[in-house]
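The values are calculated or read from the model by the stated rules, or taken from the named source; none is laboratory data. Bear in mind the structure is a predicted one, so any value in this text is a computation, not a measurement. Cβ atoms come from the backbone with ideal geometry, glycine included; neighbour counts cover every protein chain shown.
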Amino acid sequence: MTGILPVKKPAGFTSFDVIGKLRGVVKTRKIGHSGTLDPMATGVLPLFFGGATKCCDILPNEDKRYVADIKFGIVTDTQDTTGCVLEEKESHVSKKEFEHVISGFIGRQMQTPPMYSAVKINGRPLYDLAREGKTIERAQKEIEVYDIKLLEFDEHAQIARIEVSCGKGTFIRTLINDMGEKLGCGASMSALERTMAAGFDISECYTIGDIEEMMREGTFEEHLMPVERLFEGLPRLVLSDFDKRLYRSGVPLELEKRGWGGIPGNIAVFDKEGMLLGISFMDEEENELKLRKMLNTDK
């Protein structure tokens, strides 16, 4: 059993809860995921089964898209409405004012990870320390927000809904918290749905109930997507049978000898039958095809 299935995570589940549930449903322990979602969040959670788990740390597309609900005038310790309220303020944010603030959060920027997060400090997740009542200094990280769209705004209720397209490592609740600081009234995230991750759209996702039905019908493996789907956007390199044997044995392949070169970044390496062998890159300084990950999807 090898392949990928985009799952629609329900609210109240951690990403690991979903994996734990599906290990029992699918009768396999070899399941991985490509990025955590908070328990309150719903949406796209790509799951990797069997040999596909090797791909979790080499995804070429780590961009994500979210739809988030915002409540102005409230600040919590978790930066969302599931947390303890730290401060409440009278809020009179106008649509025009919010649109102006949104524009300042598009692009590359520095963000401080929240205390209630899975980011690890000295091997411990920050949320463990937060639950002990501790707050520690966290290094800022550069993130990139490609676009923010205002989907809904209710000036009377002081709530809004936004769509955020961003790169890896962006905390949406922190983005909203920082917007609230900029507005001077505070803001917390009241709902979050991830609508795209690892190139999978929410329209492609299956629910846990769907997967249970697949198992009853014996069609689960038919729905698994091949790992090749993840690397469709990468340049392809097709090896001869001789080079395939060398590649799979870990023998360096010389670029100049084979007339290879000039391709920057990662390359998807295939054999003549169209099987994905691994992900590599061309190191022209050392004149070698360097391996990033051997996939061996036929095993």
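Based on what the data block shows, is Phe231 at pLDDT below 95 and aromatic (Phe, Trp, Tyr)? Answer is yes for this residue. Close contacts from the stretch 46-70, counting a first residue that is more than 16 Å from Leu5 (Cα to Cα) and a second that is aromatic (Phe, Trp, Tyr), with Cβ to Cβ under 7 Å and a gap of 6+ residues or different chains, come to Pro60/Phe231.
Within the set Lys8, Lys21, the sole residue that is outside the structural domain of Thr174 (by TED's automatic domain parsing), under 30 Å from Ala268 (Cα atoms) and in contact (Cβ under 8 Å) with a residue 60 or more places away in the chain turns out to be Lys8. Residue check: Gly32 meets all listed conditions (1) in contact (Cβ under 8 Å) with a residue 24 or more places away in the chain; (2) crowded, with 20+ Cβ neighbours inside 10 Å but one, namely (2). Can you find, within the stretch 198-220, the residue that is modelled with the lowest pLDDT among those that are of a type outside the set (A, V, I, L, M, F, W, C) and either within 17 Å of the chain's Cα centre (by Cα) or closer than 13 Å to Leu47 by Cα (or both)? Only one residue tops the list, namely Gly199. Scanning the stretch 63-115 for residues that are assigned to a loop (DSSP other than H, G, I, E, B), surrounded by fewer than 16 Cβ atoms within 10 Å (Cβ to Cβ) and over 24 Å from the mean Cα position of the chain (by Cα) yields Cys84, Lys89, Glu90, His92, Ser94.
Would you be able to say whether some residue in the stretch 232-245 is aromatic (Phe, Trp, Tyr) and in contact (Cβ under 8 Å) with a residue 12 or more places away in the chain? Scanning the stretch 232-245 turns up no residue that is aromatic (Phe, Trp, Tyr) and in contact (Cβ under 8 Å) with a residue 12 or more places away in the chain. Considering the conditions (1) part of a strand (DSSP E or B); (2) crowded, with 16+ Cβ neighbours inside 10 Å, Gly51 is excluded by exactly one of them, (1).
Scanning the stretch 1-37 for residues that are more than 17 Å from Thr195 (Cα to Cα), touching a helix residue (DSSP H, G or I) at 6+ places or on another chain (Cβ under 6 Å) and part of a loop (DSSP other than H, G, I, E, B) yields Met1, Thr2, Arg29, Lys30.
Just one of the listed residues (Leu224, Leu253, Leu276) is out of contact with any Cys (no Cβ under 8 Å at 6 or more places or on another chain), closer than 28 Å to Gly199 by Cα, in contact (Cβ under 8 Å) with a residue 12 or more places away in the chain and not assigned by TED's automatic domain parsing to the domain that holds Phe48, and it is Leu276. In the stretch 119-128, what residues are in a loop (DSSP other than H, G, I, E, B) and under 23 Å from Cys84 (Cβ atoms)? Listed by number, the list holds a single entry, Val119. Scanning the stretch 119-129 for any residue that is of a type in the set (Asp, Glu), in contact with a strand residue (DSSP E or B) (Cβ under 7 Å, 6 or more places away or on another chain) and either modelled with pLDDT of 95 or more or surrounded by fewer than 19 Cβ atoms within 10 Å (Cβ to Cβ) (or both) turns up nothing. Applying the criterion of being acidic (Asp, Glu) and surrounded by 14 or more Cβ atoms within 10 Å (Cβ to Cβ) to the residues of the stretch 241-286, the residue that is modelled with the lowest pLDDT is Glu284. With the requirement that a residue be part of a strand (DSSP E or B) and either among the small types (Gly, Ala, Ser) or under 17 Å from Asp63 (Cα atoms) (or both), what does the stretch 129-161 give you? Residues satisfying the conditions are Lys141, Glu142, Ile143, Glu144, Val145, Tyr146, Asp147, Ile148, Lys149, Ala160.
This table checks each residue for (1) more than 18 Å from Gly169 (Cα to Cα); (2) touching a helix residue (DSSP H, G or I) at 6+ places or on another chain (Cβ under 6 Å); (3) at pLDDT 95 or above; (4) not charged (D, E, K, R).
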| residue | (1), (2), (3), (4) |
| --- | --- |
| Thr53 | yes, no, no, yes |
| Asp57 | no, no, no, no |
| Lys64 | no, no, yes, no |
| Ala68 | no, yes, yes, yes |
| Gly73 | yes, no, yes, yes |
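All of Thr78, Thr42 fail the test of being at pLDDT below 95 and among the β-branched types (Val, Ile, Thr), apart from Thr78.
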